[in-house]
Amino acid sequence: MSKKSLNWAVLGVGQISEVVAPAIRDSGWAVPYAIASRTLEKADGFARRHGFSRSYGCYEAVLEDPAVEVVYNPLPNWLHCEWTIRALEAGKHVLCEKPLAEDMAECRKMIAVSRQCGRALMEAFAYRFHPQTATVKELVSRGSVGELRLIRSSLGFPLDFTRPNVRLKPSPGGGALMDVGCYCIHVMRYLAGEEPQAVLGRSQGVAESGVDLTFGGILVFPGGCLGLFSGSFQTARDFQLEIVGSRGRLLVPMPFKPDPTHSALRLEAEGETREIPIRNGGDAYRLQVDHFSRSVLEGRPLSLPLEDALGNMTVIEALRSSAQTGRETRLVPDG
Ligand SMILES: NC(=O)c1ccc[n+]([C@@H]2O[C@H](COP(=O)([O-])OP(=O)(O)OC[C@H]3O[C@@H](n4cnc5c(N)ncnc54)[C@H](OP(=O)(O)O)[C@@H]3O)[C@@H](O)[C@H]2O)c1
């Protein structure tokens, strides 16, 4: 009989591990097997809370455990490359948190190791697995707003600057562009269905550590659509996705954390406004765990290929460079 589920292990007891653990537990294709923390007591508590059967006081122990089949890597961004590569080389499949790496060079290394080792690797953009996102894509593709002209997206929240936070570490992986801007870039590339040919970026409010706190940018798509976005640690909660075409616009209130039970898109086209409900779409994190496990078990390609992660990082780097030079960065040569 063919195998029906995979043993998952989580690295680190952090904010997002607490959210993804129930998704692993609730998936029909994943077993909550092991948790590793730098502090064994933290791992023990996590294992009890979420029903994991093994807890370890160091990350190496997960790699040495032959029963572990999938490693979920939600470590700080500067540890994504190192621990993903170590896990792949230990023969594990890896779901790694966004952004996959700190820069394109790390991204390329991770992709090469995944291919050499014949193990699956995916960047964790859970919103892509929720039916709301598929509905938005379908509406845009079938011309519900006419010719695509503008995609506006923002993701912001007020970060507590009185406490240490991995997002503020002075490293290429720190800052708002990397942490939240990456979502806006991801969804704009997906909906435009192509890569931008040029970008313009601007950062504001640089923290003591030197990382950007608010980042705004423009993506110029060759098909004639402009993407406008902002990512921030300094605003009130600001989650937005708006797609504007030649004949109408589509508003998506919770684009990156769709509600598991009910959400509603708003389509305004040719003088009419229509609510499009998405009922019982499910938990995006569980859908992501289902997809990753099933793809590995059934030998099917992942719907977020590694080229997509490299494409996102290419745009992030170009935006970073534009913010530094104060000029537009071209991604394809003029011609
Ligand atoms: N997909 C999403 O919705 C989503 C949401 C939030 C964050 N994320 C991503 O998930 C990753 C982690 O974010 P988070 O908010 O969960 O961070 P966090 O709460 O700070 O957790 C990170 C964990 O990494 C471990 N760690 C290892 N070395 C560390 C070091 N030198 N400094 C700090 N922590 C260290 C710690 O676990 P131990 O002490 O147990 O070893 C820590 O709890 C980031 O890549 C972020 O972009 C994704």
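The numbers here are math on the coordinates, done by the rules we state, and not lab data. Worth saying up front: this structure is predicted, and the values here are computed from it rather than measured. As a convention, Cβ positions derive from the backbone with ideal geometry for all residues, glycine included, and neighbour counts pool all protein chains shown.
Rounded, prolate or oblate: which fits the stretch 211-280, taking a ≥ b ≥ c as square roots of the Cα gyration tensor eigenvalues, rounded meaning a/c under 1.5, else prolate when a/b beats b/c? Before the final figure, lay out the partial values.
Working: a/c = 2.58, a/b = 1.21, b/c = 2.13.
Because a/c hits 1.5 or more and a/b fails to exceed b/c, the stretch 211-280 counts as oblate.
Annotation: aspartates and glutamates with alpha-carbon distance below 13 angstrom to K42 (same-chain offsets under eight excluded): E18.
With a ≥ b ≥ c the root eigenvalues of the C-alpha gyration tensor of the chain, is it rounded (a/c under 1.5), prolate (a/b larger than b/c) or oblate? Note, shape of the chain comes out prolate. The R38 and E18 beta-carbon pair, evaluated with R₀ = 25 Å, returns a calculated FRET efficiency of approximately 0.95. The slack between E138 and K3, meaning 0.36 nm per residue of separation minus the straight C-alpha distance, is 45.2 nm.
Sort C81, C58, C107 by Cβ crowding within 10 Å, fewest neighbours at the top. List each step's numbers first, then the result.
Working: C81 22, C58 14, C107 25.
Fewest-to-most ranking of C81, C58, C107: C58, C81, C107.
Among M178, M254, a tally of other beta-carbon atoms within 10 Å of each Cβ gives an order, fewest to most, of M254, M178. Among the GluC sites (Glu not before Pro) in the stretch 183-260, those placed in a DSSP loop whose Cβ has at most 13 other Cβ atoms within 10 Å are E194, E208. For a quick check, take a GNM of the chain with Cα springs below 10 Å and name the residue from P260, P301, P196 with the largest mean-square fluctuation. Residue with maximal mean-square fluctuation among P260, P301, P196: P301. In terms of surrounding Cβ atoms within a 10 Å radius of their Cβ, V136, V166 rank from fewest to most as V166, V136. Springs between Cα atoms under 10 Å define the GNM used for the chain, and in it the highest mean-square fluctuation of T39, T162, T325 occurs at T162. Taking 12 Å as the cut-off, the amide N atoms of the stretch 211-240 that come nearer than this to a point 7 Å along the Cα-to-beta-carbon line of F161 belong to 211-214, 233-235. Looking at the square roots a ≥ b ≥ c of the eigenvalues of the Cα gyration tensor of the stretch 6-124, which shape do they give, rounded for a/c under 1.5, prolate if a/b is larger than b/c, or oblate? Since a/c reaches 1.5 and a/b is larger than b/c, the shape of the stretch 6-124 is classed as prolate. With the charge dipole of the chain set up from +1 on Lys and Arg Cβ and -1 on Asp and Glu Cβ about the Cα centre, the Cα lying farthest toward the positive end among the listed residues A198, A90, S293 is that of S293.
The distance separating the Cα centre of the stretch 1-37 from that of the stretch 143-204 comes to 28 Å.
One decimal place: the segment K109-T261 gains 50.8 nm when fully extended, by the rule 0.36 nm per residue minus the C-alpha distance. As a test of the formula, what do you get for the chain when each DSSP H run with n ≥ 4 contributes -39,500 (n - 2.57) and the sum is divided by the residue count, at 222 nm and rounded to the nearest 500 deg cm²/dmol? Mean residue ellipticity at 222 nm (helix-derived): -10000 deg cm²/dmol.
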